[in-house]
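**Q** So that we are looking at the same thing, I have put the structure below in structure tokens.
The values are calculated or read from the model by the stated rules, or taken from the named source; none is laboratory data. Everything numeric in this text was worked out from a predicted model, so none of it was measured. Every residue, glycine as well, gets a Cβ built from its backbone with ideal geometry; the counts of neighbours run over all protein chains shown. Side chains are part of the model used for accessible areas, which takes the heavy atoms of the whole protein and leaves out ligands, DNA and RNA. Shrake-Rupley method; radii C 1.70, N 1.55, O 1.52, S 1.80 Å.
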Amino acid sequence: MTFTPRGVGNPPAVRQDQVKPDQRRSAGVFAGADRAGSGPVLFDAVLLDRDGTLVEDVPYNGDPEKVRPVAGARAALDRLRAAGLRLGVVSNQSGLARGHFSVRQMRAVHARIEELLGPFDTWRVCPHDDAAGCGCRKPAPGLVHAAAADLGTVASRCVLVGDIGRDMGAALAAGAAGLLVPTPVTRPEEVAAAPAVAADLPGAAAEILRRQAAIVPVSAPWPKPAAGPARRGRRGGTVLVVRSDSAGDVLVTGPAIRAVAHSADRVVLLCGPRGRAAAELLPGVDEVVAHPLPWIDPDPGPVDADEMRALTARLAAVGADEAVVFTSFHQSPLPLALLLRMAGVPRIAAISDDYPGSLLDVRHRVPPGVPEPERALSLAAAAGHGLAPGDQPTLRVAAVGVDPSRVRLGASGYVVLHPGSAASSRAIPAGLAVGIARALGEAGHRVVVTGGPDERDLTAAVAAAADGVDLGGRTGLAELAGVVAGAGAVVVGNTGPAHLAAAYGVPVVSLFAPTVPFGQWGPYRVPTVRLGDATAPCRDTRAATCLVPGHPCLAGIDPGEVVAALRSLGVPAATVPGAPIPTRLAAPTATVHGTTATAGAVAVPATGGSGR
């Protein structure tokens, strides 16, 4: 059973024909923050850490009289409850293992917390210390999976709010969303690595509800085309959707494109040449038009007037009733909007911080840091498009296979290691990739190394270190998708195969260079362990080539960390041919009603607070 909450907090679409000219410059990001609605949801439940998040952190507290809620906790939790979200607590309590308090005393503390903050729908507690190597002690994902099951949902439909890096690690490893609320004990590197940060618990609640409401479609901001009844959804007509960038950018726009397809008769996708192969994998796309856009392409040629006239004519030939222009946060939709107006497209929606004049009918605005799939979905919703009933806001691609005559992989469950990237700043350094491959091979993993035609020397060296399979230059994107689909996990930087893995639900060990925000571009709603220095000097530079000698954001990773990350994700070191491949660790965990738990897969170092 799943639970369908009703959220609040997303800005409505801003229609240019309903705003006075002197007001168009100041369309607010947070206008209409209490808009409620029904439709697709991101979250069924909110899981919360206990000490430092719900109540002040008193080391090894077994005394109910010492319970002090954090500021605004009751009102924040009641707001989440009122929105239909179920609440659970997931807490490391190593004081039980160390004898600082008893189960009875812990229960008394929990009863006092509920007396002050209201009821919770489940409590999940890890009673172990680090030496137990259990699968429930955060940052292992066991508590998150168990709490989600208690609440009738899955981890990917939960958000975990906590105050230290362990909490965020557990959220990512389970495939849940993570939201950090720092306290004085939170280390700066934990803040830097967090997928999202809120100033306090009320702010976290507000952000959860804002994200929840963001993908709920507004009432159609323009009339249904007169061409006839819709075959798919409620509006019909031809919609031109645009995402001009690399394959990964196209893949993360997939949920929004499916939302448009649900309410359109026909969807035409305009993309760049680098994104065409990904566009052809997306469900809901009826036709692909590939054309470079010089204001988007990272290595553009000069603007050619004849080419722009040809593109305008091609867009006019589509006969679109409307266009939805998807962009990244640093890109402008306005040059293309001008061409679309010249092509006769009557209605255009896009995200734009810049004043659009008469170029946009729906000028949508989004706060910074929103995950790219949600950012695109919120634009689709502002234009009146929502996902079909039963469709989830996750990445998806068409089912593909691998030609066995070209690629000999054996049974599924191998580890894909993809060391390269079109942007060298986001690639795994060659020496590190070789070391990772060697460590994986020594740990018993079967390794498949993938890469493009210009990376064959790299992939050959990496595969040789693990006696693995070298597929460098031997797969197009569709075949690469098939390879990823059969993997037990993918080890990769911030590049396209990470998003392919998310589309197939394959766990990811993400060696993520912080040139762009992890919370915006990291693998979406899939079990993930992030490795690398999130505080490196390249942080938020968007640099395509490394700015710092030695690639310090990734070069400091120990290959053994990758092996440990796979263990924490529940990826076995060896597989039996034909056996199912687990995608997460599912160790039994203790609840407030007892302390029994079994040992999990990996021990992790203590950090923060009272050894939680």
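**Q** Which count do you get for residues in segment 61-77 that are open to solvent by 60 Å² or more (accessible area, probe 1.4 Å) and within 20 Å of ILE208 (Cα to Cα)?
**A** 3
**Q** Another question, if that's okay. When you go through (1) modelled with pLDDT under 50; (2) open to solvent by 40 Å² or more (accessible area, probe 1.4 Å); (3) out of contact with any helix residue (DSSP H, G or I) (no Cβ under 9 Å at 6 or more places or on another chain) one by one for ALA574, which number turns out not to apply?
**A** Unmet for ALA574, out of (1) modelled with pLDDT under 50; (2) open to solvent by 40 Å² or more (accessible area, probe 1.4 Å); (3) out of contact with any helix residue (DSSP H, G or I) (no Cβ under 9 Å at 6 or more places or on another chain): (1).
**Q** Against the definition (over 24 Å from TYR524 (Cβ atoms), surrounded by fewer than 24 Cβ atoms within 10 Å (Cβ to Cβ) and either in contact with a Gly (Cβ under 6 Å, 6 or more places away or on another chain) or of a type outside the set (D, E, K, R) (or both)), how does VAL154 come out, yes or no?
**A** no
**Q** Here's something else I'd like to know. Could you say whether any residue in segment 417-424 is modelled with pLDDT of 95 or more, part of a loop (DSSP other than H, G, I, E, B) and farther than 21 Å from GLY275 by Cβ?
**A** Yes, because at least one residue in segment 417-424 is modelled with pLDDT of 95 or more, part of a loop (DSSP other than H, G, I, E, B) and farther than 21 Å from GLY275 by Cβ.
Yes/no per residue for (1) open to solvent by 10 Å² or more (accessible area, probe 1.4 Å); (2) more than 27 Å from VAL216 (Cα to Cα); (3) among the aliphatic types (A, V, I, L, M); (4) not in a helix (DSSP H, G or I):
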{"site": "ALA277", "(1), (2), (3), (4)": "yes, yes, yes, no"}
{"site": "VAL289", "(1), (2), (3), (4)": "yes, yes, yes, yes"}
{"site": "PRO302", "(1), (2), (3), (4)": "yes, yes, no, yes"}
{"site": "ARG314", "(1), (2), (3), (4)": "yes, yes, no, no"}
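**Q** Just wondering, is there one or more residues in segment 370-384 that are more than 27 Å from LEU179 (Cα to Cα) and not in a helix (DSSP H, G or I)?
**A** Yes, the conditions are met somewhere in segment 370-384.
**Q** Sort out which residues of segment 35-58 are at pLDDT 95 or above and open to solvent by 60 Å² or more (accessible area, probe 1.4 Å), and write them in order of number.
**A** Across segment 35-58, the qualifying residue is only GLU56.
**Q** Any idea which residue in segment 326-345 is most open to solvent (accessible area, probe 1.4 Å), counting only those that are among the small types (Gly, Ala, Ser), in a loop (DSSP other than H, G, I, E, B) and under 22 Å from ALA279 (Cα atoms)?
**A** So, considering only residues that are among the small types (Gly, Ala, Ser), in a loop (DSSP other than H, G, I, E, B) and under 22 Å from ALA279 (Cα atoms), the one most open to solvent (accessible area, probe 1.4 Å) is SER332.
**Q** When you look at VAL260, is it crowded, with 24+ Cβ neighbours inside 10 Å, at pLDDT 95 or above, part of a strand (DSSP E or B) and within 22 Å of the chain's Cα centre (by Cα), yes or no?
**A** So VAL260 fails the test.
**Q** Still on this structure: List pairs: first residue in segment 299-323 and within 15 Å of VAL239 (Cβ to Cβ), second residue open to solvent by 90 Å² or more (accessible area, probe 1.4 Å) and small (Gly, Ala, Ser) anywhere in the structure, Cβ distance under 9 angstrom, at least six positions apart or on different chains.
**A** Partner pairs satisfying both residue conditions: ASP321/ALA227.
**Q** In segment 132-157, what residues are in a loop (DSSP other than H, G, I, E, B) and free of Cβ contacts under 8 Å to residues at least 24 places away in the same chain?
**A** Scanning segment 132-157 gives a single hit, VAL154.
**Q** Restricting to segment 79-101, name every residue that is open to solvent by 60 Å² or more (accessible area, probe 1.4 Å), touching a residue at least 40 places away in the same chain (Cβ under 8 Å) and closer than 26 Å to LEU42 by Cβ.
**A** Correct list: ARG79, ARG86.
**Q** Looking at (1) open to solvent by less than 50 Å² (accessible area, probe 1.4 Å); (2) closer than 28 Å to ALA513 by Cα; (3) assigned to a loop (DSSP other than H, G, I, E, B), find the lone condition where GLU190 falls short.
**A** (3)
**Q** Another question, then. Among ALA398, ALA320, which is more than 20 Å from the chain's Cα centre (by Cα), of a type outside the set (Val, Ile, Thr) and assigned to a loop (DSSP other than H, G, I, E, B)?
**A** From the options ALA398, ALA320, the qualifying one is ALA320.
**Q** Additional query: Step by step: first the residues of segment 199-231, then only those that are in a loop (DSSP other than H, G, I, E, B) and among the β-branched types (Val, Ile, Thr), then the one that is modelled with the lowest pLDDT. Which residue is that?
**A** In this case the residue turns out to be VAL218.
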